[in-house]
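Peer 1: Structure provided below as structure tokens; questions to follow.
Only the coordinates and a few stated rules stand behind these numbers; no lab work does. Since the structure is predicted, the reported quantities are computational estimates derived from the model, not experimental observations. Every residue, glycine among them, receives a Cβ derived from its backbone with ideal geometry; neighbour counts consider all protein chains shown.
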């Protein structure tokens, strides 16, 4: 590897900080949450607007841009078939509540950009884009043709990249175009992720309605707030909840907990645990409502799936996790959503059977179940993994081993794909607990971390230029 060239690249990365910040803010300010499909916008207006902005940036800066018509675009330094793809996503989860900053009016504060999607995944998207600009500026020609790919449905189904059962008639990227020979996905941490858990999403509904309760909690995969209305005007307080009497004589309870990523549910539960526990402690529930509330509470803390008999331990991928993410009021009945991440040692069928059996026993039924990405595991002995690991560890001052991921990334569906950093989440030191993380309140990305990621990727691209893969 040319040390003088590396020094030039590092200097340009260091001097590019203000431009990195401006570009991240430019994308964060676009609210790219999935919405109802529109003509020419399969995942809603926001994600499509984000893709159009990325294409605009690429054209401004002399990249070869392409819109594949599936919710995926690419920016390449040169014409020709793309050999290596770096895959970022521009869609974000819902912003939720409880922010101290405006989620779509991003600012720079203490070396961080704050806004929804800053660290998942718009900061990384811009870091890769700016690095490719530096390569163009220096006239670096590689033996392979790299490109930045940007998708717009990663947070919900990755349906823009691969076919899903509910969109079997829609041609996604992989059904229409060849994948790059090698793909890198900067949507986790360093050094290298070479495998990942599978995902199952389920909706479960009570067979009978509530008697005197209305309960709503969470919003898709961004939990944090729960509200319940109870026909008991003399209920004055409930532990862990705000309590107020409404004009119609009902009592409204509100519970808030910090939102966390679905791949990392908290053993103490979340806002659903708090509000159902308060309802059960009130002594005001009918027998039927108490049974329903108890089931919701029990599931909300069953983060290993033990109640359902689907728990699974894994020394390679980490144990199965179960997250209860929301509760909806549907036809008078409670309906809740589960997000399950499972290792390669178990199966979708076993999970589906376990959910079905317990629901039947507790007076609930499955309203819908979605088989997401399956678990995957690449050959740990692949020399590319070792080389990329060494580069990342040298720059991070670490001695970390390659790992497998719990969250879903494009590496689940792309062939020959490795997760490669670049975790940018290092919130300002004065942020309160529960603020600053991916999918959380006041999501932030560290500019220092992004620049470190750029240095790592620069060395990785040059090392790959010396290898056969």
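Peer 1: Starting from the 7 Å offset along Cα-to-Cβ, what nm value, one decimal, do you get for the label separation of residue 345 and residue 429?
Peer 2: Those two pseudo-labels are separated by 4.1 nm.
Peer 1: Given labels modelled 7 Å from the Cα in the Cβ direction, how far is it in nm from residue 357 to residue 306?
Peer 2: Here the modelled spin labels are 1.7 nm apart.
Peer 1: Same structure again: At R0 = 45 Å, how high is the FRET efficiency between residue 207 and residue 17 if r is their beta carbon distance? Nearest 0.05 is fine. Before the final figure, lay out the partial values.
Peer 2: Details: r = 58 Å, r/R0 = 1.28.
Efficiency, from the Cβ-Cβ distance: 0.20.
Peer 1: Nearest 10 degrees is fine. How inclined is helix 348-361 to the longest principal axis of the chain, computing both from alpha carbons?
Peer 2: Result, in degrees: 10.
Peer 1: Ranked highest first by the average count of other Cβ atoms within 10 Å around their residues, in what order do 198-210, 21-33 fall?
Peer 2: Numbers: 198-210: 19.2, 21-33: 21.5.
Taking the mean over residues of other Cβ atoms within 10 Å, the ranking is 21-33, 198-210.
Peer 1: What spacing in nm lies between the two simple spin-label points modelled at residue 448 and residue 175, each 7 Å away from Cα in the Cβ direction?
Peer 2: Placing both labels 7 Å beyond Cα along the Cβ direction yields 4.6 nm.
Peer 1: What order do you get for 418-429, 436-447 when each peptide is scored by the mean count of other beta carbon atoms within 10 Å, highest first? Walk me through the numbers on the way to the answer.
Peer 2: Details: 418-429: 21.9, 436-447: 25.3.
So the peptides 418-429, 436-447, ranked by packing, come out 436-447, 418-429.
Peer 1: Stretch residue 137-residue 266 to full length: gain in nm at 0.36 nm per residue minus the Cα-Cα span?
Peer 2: On the way: separation 129, 0.36 × 129 = 46.44 nm, distance 4.62 nm.
Residue separation times 0.36 nm, minus the Cα-Cα distance, leaves 41.8 nm.
Peer 1: By the gyration tensor of its Cα atoms, with a ≥ b ≥ c the square roots of the eigenvalues, what is the shape of the stretch 61-214: rounded for a/c under 1.5, prolate for a/b over b/c, or oblate? Please list the in-between numbers first.
Peer 2: Working: a/c = 2.48, a/b = 1.45, b/c = 1.71.
Here the stretch 61-214 falls in the oblate category.
Peer 1: Let me ask something additional. Looking at the calculated P(r) for the stretch 199-371, what percent of the C-alpha pair distances fall above 30 Å?
Peer 2: Working: 2354 of 14878 pairs.
Result: 16 percent of Cα pairs exceed 30 Å.
Peer 1: Now a separate question. Stretch residue 390-residue 465 to full length: gain in nm at 0.36 nm per residue minus the Cα-Cα span? Don't skip to the answer; put the middle values down first.
Peer 2: Values: separation 75, 0.36 × 75 = 27.00 nm, distance 1.58 nm.
Full-extension gain reported as 25.4 nm.
Peer 1: With the cut-off at 1.5 for a/c, could you classify the stretch 372-450 from its C-alpha gyration tensor as rounded, prolate or oblate?
Peer 2: On the way: a/c = 2.95, a/b = 1.46, b/c = 2.01.
In terms of gyration-tensor shape, oblate.
Peer 1: Let me ask something else about it. Once Rg and Dmax of the Cα atoms in Å is worked out from the coordinates, which option in [x] 23.3, 76; [y] 23.5, 81; [z] 30.9, 97 does it equal?
Peer 2: [x]
Peer 1: Using the beta-carbon distance between residue 314 and residue 383 and R0 = 30 Å, what value does 1/(1 + (r/R0)^6) give for FRET efficiency, to the nearest 0.05?
Peer 2: Values: r = 25 Å, r/R0 = 0.84.
After rounding to 0.05, the efficiency reads 0.75.
Peer 1: Taking other Cβ within 10 Å of each residue's Cβ, how do 325, 92, 86 sort, fewest first?
Peer 2: On the way: 325 22, 92 31, 86 28.
The fewest-first ordering by Cβ neighbours comes to 325, 86, 92.
Peer 1: Cα axis of helix 383-396 to longest principal axis of the chain: angle in degrees, 0 to 90, nearest 10?
Peer 2: 80
Peer 1: What is the Cα centroid distance between the stretch 399-451 and the stretch 38-71, reported in whole angstrom?
Peer 2: If we compute the Cα centre of each part, the gap is 24 Å.
Peer 1: Rounding to the nearest 10 and keeping the result within 0 to 90°, find how far the Cα-based axis of helix 3-15 lies from the longest principal axis of the chain.
Peer 2: The two axes meet at around 50 degrees.
Peer 1: Determine the shape class of the stretch 303-459: with a ≥ b ≥ c the square roots of the Cα gyration tensor eigenvalues, call it rounded for a/c under 1.5, and otherwise prolate if a/b is greater than b/c, oblate otherwise.
Peer 2: It comes out oblate by the Cα gyration axes.
Peer 1: Figure the gain on full extension for residue 26 and residue 2 (residue separation times 0.36 nm, minus the Cα-Cα span) and round it to one decimal in nm. Let's see the in-between values first.
Peer 2: Details: separation 24, 0.36 × 24 = 8.64 nm, distance 3.38 nm.
Result: 5.3 nm gained on full extension.
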